[in-house]
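Beneath this line is the structure, given in structure tokens, with notes to follow.
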């Protein structure tokens with residue numbers, strides 16, 4: 001199957017084509033605008049030079065387009081183009097599961113991230129309680145640090161008050177722990193599929209170290225009183241325990257296949273020629289056509 005077509009590039013006058021004439025005035029105008037703006041922070045003389053170039057660029061450009069645009073005739077050579085093909089049907093793009101545009105191909109369901117966050121939140125309480133008992137003789141120390149930060153008289157609290165049991169501080173700590181751990185668990189569920197190598201190491205150790213460093217640098221400004229009572233070594237240990245436990249729980253959940261690797265029109269359910277082979281006239285499968293060509 002072959003077809004010969006004639007190339008056309010617009011209205012041809014004989015052997016030439018009528019095109020707008022090239023001009024350098026737009027570049028001069030742009031350069032003048034740059035100098036005029038830069039002179040505001042450098043030197044008045046630069047702005048004056050820029051203004052002169054802007055005026056010259058405007059005048060020169062306007063004279064080329066007003067009252068009539070400047071044109072020139074460019075010689076052209078018209079050549080025939082022959083398009084030939086040996087294929088009998090239009091080739092269709094075959095969409096396979098391994099053909100993807102975005103990673104990950106599989107992801108964890110939302111509930112797996114919540115499970116991992118809850119499990120990690122419960123596990124990180126253990127090193128926090130051990131630290132409170134060893135350093136201050138109270139299992140409520142870390143709990144009160146977390147919950148007491150929202151109390152109005154926190155800035156005047158003593159060590160004895162932090163070591164004692166407070167029901168309102170415990171309630172605030174439970175609410176904060178549940179919300180934060182659930183949100184971080186959801187982040188783990190979305191992040192672990194994108195870490196193909198050593199996901200527990202990257203998500204359970206390196207990530208806690210990163211956000212602990214961020215909190216360490218900002219806590220002195222956000223809440224100096226709370227920052228003075230935090231033992232950052234034990235804080236890092238509890239965050240690593242949370243990350244490892246949450247990562248293990250999430251990684252044990254069953255993955256579900258995502259549809260982000262498919263084209264947008266396919267995800268929307270739109271029948272698109274060339275992307276979705278759904279028409280009867282799309283031709284036989286590629287393997288069948290190859291066998292026919294061999295025989």
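Observations
- Residue within segment 1-23 that is in contact with a helix residue (DSSP H, G or I) (Cβ under 8 Å, 6 or more places away or on another chain), surrounded by 13 or more Cβ atoms within 10 Å (Cβ to Cβ), at negative phi and at pLDDT 75 or above present: yes
- Matching helices (runs of 4 or more DSSP H) fully within segment 139-255 where at least 3 residues are within 26 Å of the chain's Cα centre (by Cα): 167-191, 207-222, 232-251
- Selected residue (criterion: modelled with the highest pLDDT) from residues of segment 76-107 that are under 30 Å from residue 189 (Cα atoms) and out of contact with any helix residue (DSSP H, G or I) (no Cβ under 9 Å at 6 or more places or on another chain): 96
The values are calculated or read from the model by the stated rules, or taken from the named source; none is laboratory data. Note that the structure is a prediction, hence the values are computed from the model and not measured. Methodologically, a virtual Cβ is constructed for each residue, glycine included, from the backbone with ideal geometry; neighbour enumeration extends over all protein chains shown.
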